[in-house]
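Contents: one structure, followed by commentary.
The values are calculated or read from the model by the stated rules, or taken from the named source; none is laboratory data. Since the structure is predicted, the reported quantities are computational estimates derived from the model, not experimental observations. Note that each Cβ is placed from the backbone with ideal geometry, even for glycine, and that neighbours are counted across all protein chains shown. Just the protein is used for accessible areas: all its heavy atoms, side chains included, with ligands, DNA and RNA removed. Shrake-Rupley method; radii C 1.70, N 1.55, O 1.52, S 1.80 Å.
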Amino acid sequence: MQSFVSNNIPYTIANVSVNQVLHGDSSQQDKTIRVMFLGGNITKKEMLAPVADKGFMDISKEDATSDEVVTIEYGNNRLPKAGEKIAIIISKAPKGANNIPGEFWTINFADKSTFFQDEDGQYRRIPEAKSFGGGSNKKSGGHSENEWNEKDDKKMNDGMNELINSK
C-alpha cells in the first residue's frame, strides 16, 4: 500500500487481487489492480493545514509544523488489511486523479461500495455510526436516518452476498 495526499486529504493505493468479477469488465479477472481508498498516511502539518490558522481550534505551532506521520481512517470507510477479502464496486479513475500517478481504480460511492468479509463468510459494509437526537419526520417516510441507513445496509449487504453466491 502507498499513501498519497491531495488537497490535505490522504488516499491509499492498494494492490488488490481480483479473484472474481461479478459484473462488468471481466478482463480484470485474476489480475492485480491498483485501487484507491480514502484515508492513509499524512503528516500532521498537512492534515492540520486547513484549520491551523483558526484560533478557536487551539492548534499548537509544534503540531501545525510537525512532519510526524499519522494514519487517518474515516469512520465507516476504513482501509483494508493485507490479505483481507473484500467485495468492491469500482470504476477506472481518470488519469492523474488526486495527483496520483499511474493507472488505478476508485471505489464508487465511497464507503457505500466496500464490503468486508466477516468471520461468518458474509460480506458487509461497515455501518455508519448512529446519530443522536432528531427523530422521524414525514419527509423521510416516518423513519429516522438511523433506520434508513440500517435498512439500506441490509439491502445492499444482502444484494452483494446474493450476487457473490450466484457466481
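Taking first residues from the stretch 56-77 that are more than 15 Å from Lys45 (Cβ to Cβ) and partners that are aliphatic (A, V, I, L, M) and assigned to a helix (DSSP H, G or I), the Cβ contacts under 8 Å between residues at least 6 apart in sequence or on separate chains come to Asn77/Ala110. Answer yes if at least one residue in the stretch 24-35 is closer than 19 Å to Ile90 by Cα and touching a helix residue (DSSP H, G or I) at 6+ places or on another chain (Cβ under 9 Å), and no otherwise. No, that holds for no residue.
Right, Gln20: out of contact with any Ser or Thr (no Cβ under 8 Å at 6 or more places or on another chain) and at pLDDT 90 or above or not? In short, yes.
Whenever a residue of the stretch 22-47 is over 30 Å from Asp67 (Cα atoms), its partners that are crowded, with 18+ Cβ neighbours inside 10 Å and of a type in the set (Gly, Ala, Ser), lying with C-beta atoms within less than 8 angstrom and at least six residues away or across chains, give the pairs Leu22/Ala87. Among the conditions (1) part of a loop (DSSP other than H, G, I, E, B); (2) at pLDDT below 95; (3) open to solvent by 50 Å² or more (accessible area, probe 1.4 Å); (4) at negative phi, Gly83 misses just one, which is (4). Would you pick out the residues in the stretch 44-67 that are open to solvent by 60 Å² or more (accessible area, probe 1.4 Å) and under 30 Å from Lys112 (Cα atoms)? Of everything in the stretch 44-67, those that are open to solvent by 60 Å² or more (accessible area, probe 1.4 Å) and under 30 Å from Lys112 (Cα atoms) turn out to be Lys45, Glu46, Met47, Pro50. Scanning the stretch 58-89 for residues that are more than 23 Å from Leu163 (Cβ to Cβ) and either among the aliphatic types (A, V, I, L, M) or touching a Cys at 6+ places or on another chain (Cβ under 7 Å) (or both) returns Ile59, Ala64, Val69, Val70, Ile72, Leu79, Ala82. Among residues of the stretch 1-21 being buried (at least 17 other Cβ atoms within 10 Å of the Cβ) and of a type in the set (S, T, N, Q), the one that is farthest from Lys81 (Cα to Cα) is Ser3. Scanning the stretch 86-104 for residues that are open to solvent by 80 Å² or more (accessible area, probe 1.4 Å) and among the polar types (S, T, N, Q) yields a count of 1. Would you call Asn41 surrounded by 13 or more Cβ atoms within 10 Å (Cβ to Cβ) and either aromatic (Phe, Trp, Tyr) or in contact with an Asp or Glu (Cβ under 7 Å, 6 or more places away or on another chain) (or both)? So Asn41 fails the test. Taking into account only those residues within the stretch 109-167 that are of a type in the set (A, V, I, L, M) and open to solvent by 40 Å² or more (accessible area, probe 1.4 Å), which is modelled with the lowest pLDDT? Per the criteria, the residue is Ala110.
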